[in-house]
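Remarks on the structure that follows.
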Amino acid sequence: MAIENLTTFTEVDTNSRLAITSSRVTFTNITDETGEPWTYLMKDKGADYFNGDFTFYIDIEMADRQNTNPAIDICRLGNDLEDYIAAYNNSHSCLMGYIYGNFFSILELYGGTEYGNVDSFNYNPGGVITHYYMKLWRDESVGTYGTYYCKLFLTAADRIADTNPVLTAASATQLTSTLHANVDFRYLWVIGNQLRGSAPLALNGYFENLDIGENNLIGPMPSFLRT
C-alpha cells in the first residue's frame with residue numbers, strides 16, 4: 001500500500017475548517033450551511049487518470065456531529081473544478097462516497113442525474129465514536145458500465161483479508177451501485193462540503209491513510225486499448 005502525502009494536495013479553506021498532515025486531514029465544524037464557502041482538499045491527477053478499475057482505501061472517524069445533517073464528500077471523483085451542487089446544477093458527472101447526518105453512502109452523478117444507493121452505513125451507531133477502515137472500488141467488468149462498491153471494516157487486518165465487514169442498514173455486507181456510463185475522472189477530492197445551503201450544520205472528525213492504488217495506476221489508458 002502507498003499512502004498519499006496529503007500535504008501535496010490543494011487545500012482551499014477560507015474558514016480554517018481543515019488541518020492537514022502528510023497522512024491525515026482533520027475537520028472541525030465543517031459545514032454546508034448557507035453562506036459557507038467551498039472547503040476542500042483536492043488533487044489534480046490529469047485528464048482521464050482514474051480510468052477502468054480502481055480501488056481506494058481510507059480510514060475514517062467522525063468524532064462529533066452537531067445538529068442534524070451536514071453533507072460531506074469522501075473521495076469524490078470529477079472532471080470539473082466545482083463543488084458537488086455546482087456539478088449537479090451544471091449536469092456534470094461525479095463518483096463519490098458521502099456523509100449525510102449519521103449515515104454514509106455512495107453516489108453516481110451522471111449528466112446531472114443522481115443515482116444513489118438506498119442503503120447506507122450508520123457510522124456512529126448508538127452515538128458511539130468508531131474508527132472505520134473503508135474500501136471503495138469500481139469494477140468495470142460487472143454490468144454494462146461497471147459497478148461501484150463500498151465496504152467498511154473495524155480493523156485493518158479485516159480489510160486486507162476481506163473478512164467481518166460492517167453490515168449496512170439493510171444488513172448487507174457492502175454498498176453496491178450499478179453505474180450508468182463509463183466515465184474517466186481527473187480530480188480527486190479527499191473531502192469537501194457540498195454547499196447544499198442547509199441550516200447551520202457541522203461535522204468533526206478526520207480521514208487518514210488514503211491509498212488510491214498508485215502502484216496499480218499508470219495514467220490514462222489509450223482509447224484504442226479500452227474495451
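For this structure, a couple of remarks:
- Within the stretch 94-130, tally of residues that are on the phi > 0 side of the Ramachandran plot and out of contact with any His (no Cβ under 9 Å at 6 or more places or on another chain): 3
- The stretch 13-30, residues that are under 16 Å from the mean Cα position of the chain (by Cα) and under 20 Å from Ala86 (Cβ atoms): Ile30
- Residue satisfying all of: in the stretch 125-162; among the β-branched types (Val, Ile, Thr) and surrounded by 15 or more Cβ atoms within 10 Å (Cβ to Cβ); nearest to Glu61 (Cα to Cα) among these: Thr130
- Hits in the stretch 25-47 (condition: surrounded by fewer than 16 Cβ atoms within 10 Å (Cβ to Cβ) and more than 15 Å from Asn193 (Cβ to Cβ)): Asp44, Gly46, Ala47
- Listed by position, the strands (runs of 3 or more DSSP E) contained in the stretch 1-56 that have at least 2 residues being in contact with a helix residue (DSSP H, G or I) (Cβ under 6 Å, 6 or more places away or on another chain) and not β-branched (Val, Ile, Thr) form an empty set.
- Matching strands (runs of 3 or more DSSP E) fully within the stretch 90-154 where at least 3 residues are touching a Lys or Arg at 6+ places or on another chain (Cβ under 6 Å) and under 28 Å from Asn182 (Cβ atoms): none
- The stretch 49-60, residues that are crowded, with 17+ Cβ neighbours inside 10 Å and either without any contact (Cβ under 8 Å) to a residue 24 or more places away in the chain or not hydrophobic (A, V, I, L, M, F, W, C) (or both): Tyr49, Asn51, Gly52, Tyr57, Asp59
- Subset tally (residues that are among the charged types (D, E, K, R), modelled with pLDDT under 95 and in a strand (DSSP E or B)) for the stretch 69-89: 1
The values are calculated or read from the model by the stated rules, or taken from the named source; none is laboratory data. Remember, predicted model here, so these are calculated numbers, not experimental data. Cβ: placed from backbone, ideal geometry, glycine included. Neighbour counts: every protein chain shown.
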